[in-house]
Amino acid sequence: MGTYIIRRLLWVVILLFLVSLLTFIIFYLFPSADPAALRAGRQPNPALVEQIRQSLGLDKPWYVQYGKYMKNLILHFDLGTSYQNNISVKTQIFQRLPATISLTVGAVVVWVVAGVSVGILSAIKRRTWLDRTAMTGALIGISAPVYWLGLVSLYLFASDIGKFKIFSGANSYVPFSQDPAKWFSSLILPWLVLAASFAAFYARLLRANLLETMSEDYIRTARAKGLGERRVIMRHGVRSAITPLVTALGLDIGILLGGAILTESVFNIPGVGRLAYDAITRSDLPMIQGTVLFGAFFIVMANLVVDIAYAFLDPRVRYS
Amino acid sequence: MQRHALRALAPVVAVGLAVGAAACGGGSSNKSGTSGNGNVTQGKKGGTLQVQAAGDFEHVDPGQAYYQFDYMMEFVTQRPLYNWKPNTNTVPDPDLAAGPPQVSNGGKTVTVKIKKGVKFSPPVNREVTSKDVQYAIERAATPNVANGYVGVYFGDVVGWKDFPKKTKHVAGITTPDNQTIVFKLARPVAGTLAQALSLPASAPVPPEYAKKYDAKNPSTYAQHMVFTGPYEMTTYQPGKKAVLKRNPNWDPKTDWRPAYLDQIIFSMGNDATVASRQILGGQNQVSGDFGAPAPIVKQASTSKKDQITFTPSSGNRYVALNTTIKPLDNINVRKAIIAATDRTALRLTRGGPSVGDIATHYIPPGMPGFEEAGGMAGSGLDFLKNPNGDLALAQSYMKKGGFPSGKYTGSQKLLMVGDNAEPGSKTAQVMQQQLQKLGFKLNFRQVPHDTMYSKFCNVPKSKVAICPNVGWLKDFEDAQTMMDPTFNGTAIVPVNNSNWPQLNDPKVNAAMKKAELVTDANARAKAWGEIDKMVTALAPAVPWLWDKQANIRSAAVNGVINQFNASWDLAYTSLKNP
């Protein structure tokens, strides 16, 4: 197992290197805004644009710029400075990370609890009104775009602009360190909105897997041995059926830690996703590069954790 | 959210109105400053105002700030030599300056005396001197700070071009004593320079404190700024929020701003529609960098009339036709395109009549030169007469242009580059339909707004034939700031070119060169109005909008609009129940 983890970690490094290279190439070689021209403003003296280009190192070939970027990243963990506000990219990402983690962790709890419960109930109550209602709800949850759902939930339930003033609305996010109670209340609506489609997807996935698993021979054997139905379902059925969910969960958490752009935008939660979105709209290349790298890091690490978790969930999986 | 490298009109995030003139402001001079139902002379002290914004400041450093939202903050935290009271948008009032600028030497020397008793905020704490103003303007010319306008308005100062490469100071900026600063000019353009002294680059910066930050590339002074205005920025979290609190070293005796509010919080990153609803239904909030979206405008215009204010932003929008590319190098073809274009349909893509008037030329309403250029009706050119388009007239011009069928029959595809986000993308698509009516074949590319400018429309070698999403905003109330950067053939440059049609007409160029030196207000308005007529007659673009901005506020806010900046004046705005 130890060798496997080390080998995977080396792959993580290679993958992140490739991601950084690809992002760099995409934004430097393909049409995007010229950072020197953006910084220079209206009607600058062409000499000033050239001076800025030189001072930012943009006059150098792309591979020289990339080499410098990687050198700073590896030696100093320096992701560069934002073209927009001249503040360190690393500092800004770390400032935004707690909000994204708060949003992701809470939403994960909501969708795992909801998705797994509904999935199991639907499977064991197959073809009943409960199953049909749950699956119809799941279909709606999957189909509803997050941005639309966010706006609708605000117009319905936000304490400032909602018809039924129940939850804190947009722009109410407070860091956990400042006020845990307000932090919690400000995130209830975003958690529900973000979790809706995931919960629906997980419920459908688990239902399908569980139905398939429950028709396996070993389930019949377990029943024949006289095990209680509850134990058969939970210990033998769900444990096997839930494995694909773990894969999906790992990837989803990784993606969301890289930024839940839409949810953060609608609810104005100052997270990494919003930062990435702003960077893209302003052609802030160092910030784009930084947020993409962070997103990639979370995704590959989540994948690694999932693969390790497999060994514990499924006795047939062994890494050597 | 006017936040792009150019003071060109930028698209708005899902909103229907022109957002942001950078230093832009009102339409006509001496309008009521009580727009928004606020009262300029009365207000209660105290309270916290929340300014809701969709984006962030473009720059917070006064040496870099160049956009409307930047100015909203700069004008209450910094004191440039001159500044704009809510009601005035033709002549700025002395702010750090002790009186009006003294012009001598036939318009080649400008002398400004500054007030005593103005102090920097902590940790500098000392009194401001003229050397701080000198340093502020000089640093703005360095690549580490990279200001977008000083080269344009200070470029005629003696020795400007040698700084900072060849000289330590700009030779033409001197400070004979701590209260005096003198600008010596190579050409008699004192009038323009004097107006430019109202822009934030003339706000003092203490050299002994700022030099270490300015030595870095890019300058990090923005993270360590000191202030001279009534408020200081105590918190700035990019993209999240900024907090302004009272500057302990501000002496109201040296200032005309009432500064009613105790605290101002800029909340950034909001969805414009959600934020607009929060403002209209909430307490103590005003809009910041966005104009209210079209549905909100509709709602507010009927049920909350007193909470919405339409302010001309002194900007125009047009579709640039590249006069160097065939067949657009033929004036009759260009006239045909203008005649065929349904400009009402173009305006609808941004929200309809509330977003502004349909343009018939380029100088916007209220600016000196507007009436001289023909006013709202324009100068009577037939191809601009029908705002809904006139296909028969267009076809007659096509025939004159060498296309007997009245339609374009060539095989060449014209490159058109427009925005890929609304509302600009819709405008571009509507323009595509207008061009297809005349048989033009297009290679239509839609890209992000910044890319559209900096990689395509601003770069002549990109050979873009049609730029449907361009426009311009004033720097101050002078038609030169609207016409010169956009239609002067001598200003065409390989990068960051803002003469998008690449109009290079010797008569227009000569008229501009002459008009730049005219100092008498009436003669100047007439000269630039005539230039506008000349340009419009040459059909380099389809002018279609003179922008207005819809600013909104909560009912409990006594909002006062600054006509110059076309946004809320935070120094005069107050709360009804602080």
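Values quoted throughout were computed directly from the atomic coordinates according to the rules given, and no laboratory measurement underlies them. What you see is a predicted model; the values in this text were computed from it and never measured. Neighbour counts run over all protein chains shown; Cβ positions are idealised from the backbone, glycine included.
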Measure off 7 Å from each Cα along the Cα-to-Cβ vector at B:ALA377 and B:LYS131, then give the distance between these two points in nanometres to one decimal.
6.0 nm
How many nm separate the modelled label positions at B:ARG187 and A:TYR218, each set 7 Å beyond the Cα in the direction of the Cβ?
8.6 nm
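For the protein assembly as shown, what is the calculated [θ] at 222 nm in deg cm²/dmol (nearest 500), taking -39500 (n - 2.57) for each run of four or more DSSP H residues and dividing by its residue count? Before the final figure, lay out the partial values.
Working: 27 runs with 360 residues, N = 898.
The per-residue figure over the protein assembly as shown is -13000 deg cm²/dmol.
Tally Lys and Arg at +1 and Asp and Glu at -1 over the other residues with C-beta under 14 Å from the C-beta of B:ILE552: what net charge comes out?
Details: positive: B:ARG277, B:LYS298, B:LYS304, B:LYS305, B:LYS548, B:ARG553; negative: B:ASP289, B:ASP306.
Every neighbour counted, the sum reads +4.
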Tilt relative to chain B, helix B:391-400 - C-alpha long axis, 0 to 90 degrees, to 10
70 degrees
For chain A: rounded, prolate or oblate by the Cα gyration tensor [a/c cutoff 1.5]:
oblate
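So if we plug the beta-carbon distance of A:LEU156 and A:VAL64 into 1/(1 + (r/R0)^6) with R0 = 41 Å, what FRET efficiency do we get, rounded to 0.05? Could you put the intermediate results ahead of the total?
Working: r = 54 Å, r/R0 = 1.32.
Calculated transfer efficiency: 0.15.
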Euclidean distance between Cα centres, the range A:152-180 to the range A:77-102, Å:
26 Å
When a/c reaches 1.5 or more, the comparison of a/b and b/c decides; with that in mind, is the range B:359-442 rounded, prolate or oblate per its Cα gyration tensor?
oblate
Above-threshold pairs, the threshold being 30 Å between Cα atoms, out of B:LYS441/B:LYS526; B:LYS335/B:LYS461; B:LYS326/B:LYS526
B:LYS441/B:LYS526; B:LYS326/B:LYS526
Cα centroid separation, the range A:214-241 to the range A:1-29 (Å):
41 Å
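When A:ILE288, B:ILE492 are ordered from fewest to most other Cβ atoms inside 10 Å of their Cβ, what list results? Walk me through the intermediate numbers first.
Working: A:ILE288 24, B:ILE492 16.
Fewest to most other Cβ atoms nearby, the residues stand as B:ILE492, A:ILE288.
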Once the dipole of the range A:100-216 is set up from charges on Cβ (+1 Lys and Arg, -1 Asp and Glu), the residue from the list A:ILE188, A:THR136, A:ILE166 lying farthest towards its positive end is A:THR136
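Listing A:PHE157, A:PHE17, B:PHE227 from the residue with the fewest other Cβ atoms within 10 Å to the one with the most, what is the order?
Working: A:PHE157 19, A:PHE17 14, B:PHE227 26.
Result, fewest neighbours first: A:PHE17, A:PHE157, B:PHE227.
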By the Cα gyration tensor axes a ≥ b ≥ c (a/c under 1.5 gives rounded; else a/b larger than b/c gives prolate, otherwise oblate), the shape of the range B:173-270 is prolate
Among the listed pairs B:LYS131/B:LYS212; B:LYS474/B:LYS533; B:LYS426/B:LYS548; B:LYS116/B:LYS241, which are separated by more than 23 Å between their Cα atoms?
B:LYS116/B:LYS241
FRET efficiency for B:LYS385 and A:TYR147, using Cβ-Cβ distance with R0 set to 30 Å, rounded to 0.05:
0.10
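Relative to the Cα centre, what is the charge dipole magnitude of the protein assembly as shown, using +1 at the beta carbon of each Lys and Arg, -1 at the beta carbon of each Asp and Glu, and rounding to the nearest 20 debye?
Details: 93 positive and 60 negative charges, 331 e Å.
Roughly 1580 debye for the protein assembly as shown.
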With a Förster radius of 60 Å, plug the Cβ-Cβ distance of B:ASP329 and B:ASP520 into 1/(1 + (r/R0)^6) and report the FRET value to the nearest 0.05.
0.95
Would you mind checking the tilt of helix B:68-77 against the longest principal axis of the Cα atoms of chain B, expressed as 0 to 90 degrees and rounded to 10?
10 degrees
Identify the residues of the range B:123-155 with backbone N under 16 Å of a label point that sits 7 angstrom from the Cα of B:ALA171 along the Cα-to-Cβ direction, or state none.
B:155
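Most exposed first by the Cβ proxy, i.e. fewest other Cβ within 10 Å, how do B:SER104, A:SER265, B:SER411, A:SER20 rank? All intermediate terms of the calculation are to be shown ahead of the outcome.
Values: B:SER104 11, A:SER265 24, B:SER411 6, A:SER20 20.
Placing the least packed residue first, the sequence is B:SER411, B:SER104, A:SER20, A:SER265.
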Relative to the first principal axis of the alpha-carbon coordinates of chain B, what is the inclination of helix B:294-303, with its axis defined by its Cα atoms, in degrees from 0 to 90 and to the nearest 10?
70 degrees
Contour minus end-to-end for B:LYS45 and B:ASN443, with contour as 0.36 nm per residue of separation and end-to-end as the Cα-Cα distance?
137.5 nm
Spin-label pair A:ILE101/B:LYS298, simplified geometry with 7 Å Cα→Cβ offset, distance in nm
4.5 nm
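In chain A, which helices (entire DSSP H runs) extend 27 Å or more along their own long axis, judged by Cα positions, while averaging at least -1.0 on the Kyte-Doolittle scale?
Values: long enough: A:2-29 (40 Å, 2.10); A:89-124 (50 Å, 1.49); A:180-213 (44 Å, 0.91); A:285-313 (41 Å, 1.82).
Result, helices passing both filters: A:2-29, A:89-124, A:180-213, A:285-313.
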Largest to smallest principal axis extent of the C-alpha atoms in chain B, angstrom
75, 57, 42
